[in-house]
Structure formats: C-alpha cells, structure tokens
Amino acid sequence: MNLASLLEPSVIKTPLEGAFKDEVIAELVELLVRAGKVMDRQGVLDALYEREAKGSTGIGGGVAIPHARCPEITDAVLAVGVAPDGVEFDAVDDQPVRLVFLLLGAPDKPGQAIEILADIGALVQMPGVYDRLSGARAAEEIIRVIEEARQES
C-alpha cells in the first residue's frame with residue numbers, strides 16, 4: 001500500500017491544536033469531514049473513542065495510530081497530524097505523541113487496514129523518517145517525506 005496515495009494536503013494538519021488525545025482525534029476527523037471522506041462525524045468519533053477505551057493506540061516512540069472500522073467507509077481513509085510540542089495520548093511508553101495517523105477502515109476489508117497499520121509502523125521506524133515527519137511544517141512536506149521513504153525502502 002502506498003501511504004502517500006491515501007493522503008492529500010486537506011487531510012494533513014501541522015501543527016495540531018489539541019493538547020489531549022480526544023481533541024486531536026476530533027481535529028483529524030474534522031479534516032476528513034471537510035474533505036468529504038466522512039459524513040457521519042459522530043459515528044466515526046464514537047467508533048474511534050470506543051477503540052481507544054479498549055487500549056491506547058499510542059504505540060510509543062512519539063507515534064499514535066487511532067483507528068476504527070466504520071460502516072460508511074468503503075475504502076480506507078487516512079489523516080495525519082503533527083504536534084510539535086507533543087500530545088498526552090496514554091502511549092505505551094508514557095511519552096508524548098508528536099505524530100498521529102488516524103485510520104478509518106471498511107468493515108468488510110480488514111486486511112486493508114492491517115496492511116496500512118503495518119506500513120505506518122514500518123515507515124516511522126525507518127532511520128530519520130520520524131524526525132523528518134515530526135518536524136514537518138507543511139502538509140506537502142509530509143507527503144514528500146512519505147513518498148521519499150517509500151522509494152528508499
């Protein structure tokens with residue numbers, strides 16, 4: 001899966017304004033609503049908050065990947081946010097999160113979401129990529145870093 005193909009500047013925000021997990025999730029969902037990729041804002045938020053209640057999606061290393069399957073989604077959608085000062089996300093390593101990848105998947109395509117989650121995990125582990133992404137100040141820069149990392153892998 002080409003992560004950059006799931007992104008466009010309208011679904012990327014740097015810097016994020018929220019200081020807490022729920023605020024950041026709502027901020028990224030709002031980007032997806034404005035981009036026309038999500039219609040049922042509250043249904044999507046409920047699904048994401050329900051998933052977070054089962055365990056934080058703050059995977060450590062300054063990264064969080066809130067995700068959920070939503071009935072209205074037919075193909076995976078992704079939004080990305082950068083929080084330069086970090087956000088409290090109840091991450092597994094108790095560290096603030098600076099990169100948030102919000103993923104919504106189709107209920108009938110679980111494999112697609114799993115592949116994207118794995119791709120995000122591999123991306124942020126590539127040498128220098130986390131620093132470049134978390135230091136990005138423009139949406140286009142994030143897309144460019146992701147595209148360059150894909151070419152390097």
Quiz item: Checking L31 against (1) of a type outside the set (S, T, Y); (2) within 15 Å of A106 (Cα to Cα); (3) part of a helix (DSSP H, G or I); (4) touching a strand residue (DSSP E or B) at 6+ places or on another chain (Cβ under 7 Å), which single condition isn't satisfied?
Solution: (2)
Quiz item: What do you reckon, is E23 more than 14 Å from A83 (Cβ to Cβ) and of a type in the set (D, E)?
Solution: no
Exercise. Taking the options I59, I65, I114, I73, name whichever one is surrounded by fewer than 17 Cβ atoms within 10 Å (Cβ to Cβ) and under 18 Å from L3 (Cβ atoms).
Key: I114
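Name the residues in segment 1-11 that are part of a helix (DSSP H, G or I) and modelled with pLDDT of 95 or more, would you?
To start, the set of residues in segment 1-11 that are part of a helix (DSSP H, G or I) comprises 3-6, 9-11.
Selection gives P9, S10, V11.
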Quiz prompt | Pair list, Cβ under 8 Å, 6 or more apart: segment 136-151 residue closer than 17 Å to L28 by Cβ, other residue of a type in the set (V, I, T) and part of a helix (DSSP H, G or I) | solution = A136/I142; A136/V145
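Only residues that are outside any loop (DSSP other than H, G, I, E, B) and hydroxyl-bearing (S, T, Y): list them for segment 37-60, please. If you could, list the steps in order and put the result at the bottom.
In the first step, residues of segment 37-60 are kept if they are outside any loop (DSSP other than H, G, I, E, B); the result is 41-54, 58-60.
Once the filter is applied, which keeps residues that are outside any loop (DSSP other than H, G, I, E, B) and hydroxyl-bearing (S, T, Y), segment 37-60 yields only Y49.
Inside segment 1-11, can you point out the residues that are touching a residue at least 24 places away in the same chain (Cβ under 8 Å) and surrounded by fewer than 19 Cβ atoms within 10 Å (Cβ to Cβ)? Don't jump to the end; show me each part of the working.
First, the residues of segment 1-11 that are touching a residue at least 24 places away in the same chain (Cβ under 8 Å): 1-4, 6-11.
Scanning segment 1-11 gives M1, N2, A4, E8, P9, S10.
Filter segment 97-111 for residues that are surrounded by 15 or more Cβ atoms within 10 Å (Cβ to Cβ) and not aliphatic (A, V, I, L, M); which is nearest to S153 (Cα to Cα)? Outline the logic, then answer.
Of segment 97-111, the ones surrounded by 15 or more Cβ atoms within 10 Å (Cβ to Cβ) are 97-106, 109.
Going one step further and asking which of them are not aliphatic (A, V, I, L, M), we end up with 98, 101, 105, 109.
Details: R98: 23, F101: 20, G105: 25, K109: 25 Å.
Here the residue is F101.
What residue, among those in segment 12-25 that are assigned to a helix (DSSP H, G or I) and surrounded by 21 or more Cβ atoms within 10 Å (Cβ to Cβ), is farthest from the chain's Cα centre (by Cα)?
Filtering segment 12-25 down to residues assigned to a helix (DSSP H, G or I) leaves 21-25.
Okay, now just the ones that are also surrounded by 21 or more Cβ atoms within 10 Å (Cβ to Cβ), so 21, 24-25.
Values: K21: 12, V24: 10, I25: 9 Å.
Result: K21.
Within segment 15-38, can one find any residue that is among the charged types (D, E, K, R) and under 20 Å from A149 (Cα atoms)? Before you say what the answer is, go through the steps one by one.
To start, the set of residues in segment 15-38 that are among the charged types (D, E, K, R) comprises 17, 21-23, 27, 30, 34, 37.
Okay, now just the ones that are also under 20 Å from A149 (Cα atoms), so none.
No, because not a single residue in segment 15-38 is among the charged types (D, E, K, R) and under 20 Å from A149 (Cα atoms).
Residues are listed down the side, and each one gets a yes or a no for (1) hydroxyl-bearing (S, T, Y); (2) within 19 Å of G60 (Cβ to Cβ); (3) touching a Lys or Arg at 6+ places or on another chain (Cβ under 9 Å); (4) surrounded by fewer than 18 Cβ atoms within 10 Å (Cβ to Cβ):
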| position | (1), (2), (3), (4) |
| --- | --- |
| Q125 | no, yes, no, yes |
| D131 | no, yes, no, yes |
| A136 | no, no, yes, no |
| I143 | no, no, no, no |
Exercise. Pick out, from segment 61-153, the helices (runs of 4 or more DSSP H) lying fully within it that include 1 or more residues that are modelled with pLDDT under 95 and either among the β-branched types (V, I, T) or over 22 Å from S10 (Cα atoms) (or both).
Key: 110-125, 139-152
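The values are calculated or read from the model by the stated rules, or taken from the named source; none is laboratory data. Computed from a predicted model, the values in this text were never measured in an experiment. Don't worry about glycine lacking a Cβ; one is built from the backbone with ideal geometry, like all the others, and counts go over all protein chains shown.
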